[in-house]
Amino acid sequence: MVRIIMHGCCGHMGQVISDLAAQDEQAQIVAGIDRFDNGKMPYPVYTSLEACQEEADALIDFSSALATDALLDYCVERKLPVVLCTTGLSEEQLKRVEECSAKVAVLKSANMSLGINTLLRLIQDAAKVLAAAGFDMEIVERHHKLKLDAPSGTALALADSLNNAMGGAYHYVFDRSQRREQRDAKEIGVSAVRGGTIVGEHEVIFAGPDEVIEFKHTAHSKAVFGKGALEAAKFLAGKPAGRYDMSDVING
């Protein structure tokens, strides 16, 4: 049984992960940390990091970038492996993540979905065959109207995965509205759609002469990210200091 501390437990994702853990025979959330205790969680909730001294095997963080620095210090001090799911970290904080990974196991990924991370691997294999044969590569991502950033971090991770498969020879095009020229053979187009309550859709298109191959991932709820975070915590428990990502979870 992997014992987990949930940082940001009373937020939406914290509650989703708590519900998933309650149904998982291999994991147990032994404590939560949140500035605002809603009084509804089935485990002790602490309003500060210092107050939480429960014994645990890993910590899952779904909170705010404002809390990341103190959280990293807490995990390093306690030698507590951390699954870092909070987004919007500054360059300084990302550097701090790398520094802390020399002292404790840290897992950070652009997307926590097991499906997306499997897709990242599949499209690399596809690119090595199809792009090498002259197929054009395009990415279309769709999200709800409240999402502020475009393209999504996941779309960029997909583009990086394709580009890495091709030795970094490609460049990215995010907006063709001002371009009156033929598509370059070495470009990866990335298009963003925003509207309604779309949780997340990512489509990778390989378009060649007379045939099109598409890979698509659709998230119907944020539970897919919670499931990935939970699997990541179980994977990270007991691991030595180092920097990990979801590809490590998938590869075992």
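Between E187 and K40, the C-beta separation translates, for a Förster distance of 45 Å, into a calculated FRET efficiency of about 0.35. Rounding to the nearest 10 and keeping the result within 0 to 90°, find how far the Cα-based axis of helix 153-165 lies from the longest principal axis of the chain. Between the helix axis and the principal axis of the chain, the angle is about 60 degrees. Residue separation of I250 and S48 scaled by 0.36 nm, minus their Cα-Cα distance, works out to 69.4 nm of gained length. Per residue, the accessible area of the chain comes to 50 Å², computed with a 1.4 Å probe over protein heavy atoms only.
Our summary gives the chain a relative contact order of 24 percent, counting only alpha carbon pairs under 8 angstrom and 6 or more residues apart.
Here r is the Cβ-Cβ distance between Q26 and D149 and R0 is 41 Å; the resulting FRET efficiency, rounded to 0.05, is 0.75.
Taking a quarter of the surface of the Cα convex hull of the chain gives a mean projected area of 14.9 nm².
Between Y172 and E211, the distance separating the two model label sites (each 7 Å from Cα on the Cα→Cβ line) works out to 2.9 nm. In a fully extended conformation the segment linking R194 and K103 would gain 28.8 nm over its present Cα-Cα distance, using 0.36 nm per residue.
Bridging of K227 to lysines at a Cα separation below 17 Å is possible for K108, once same-chain residues fewer than 8 apart are set aside.
Think of the range 109-193 as a dipole: +1 on every Lys or Arg Cβ, -1 on every Asp or Glu Cβ, centred on the Cα centre; then among A132, G167, L156, L156 lies furthest on the positive end. Label-to-label distance for K128 and T218 is 3.1 nm, based on points extended 7 Å past Cα in the beta-carbon direction.
The values are calculated or read from the model by the stated rules, or taken from the named source; none is laboratory data. Note that the structure is predicted; figures quoted are calculated from it, not measured. So basically every Cβ, Gly included, is an ideal-geometry build from the backbone, and we count neighbours across all protein chains shown. We work out accessible area using only protein heavy atoms, side chains counted, and drop any ligands, DNA or RNA first. Shrake-Rupley method; radii C 1.70, N 1.55, O 1.52, S 1.80 Å.
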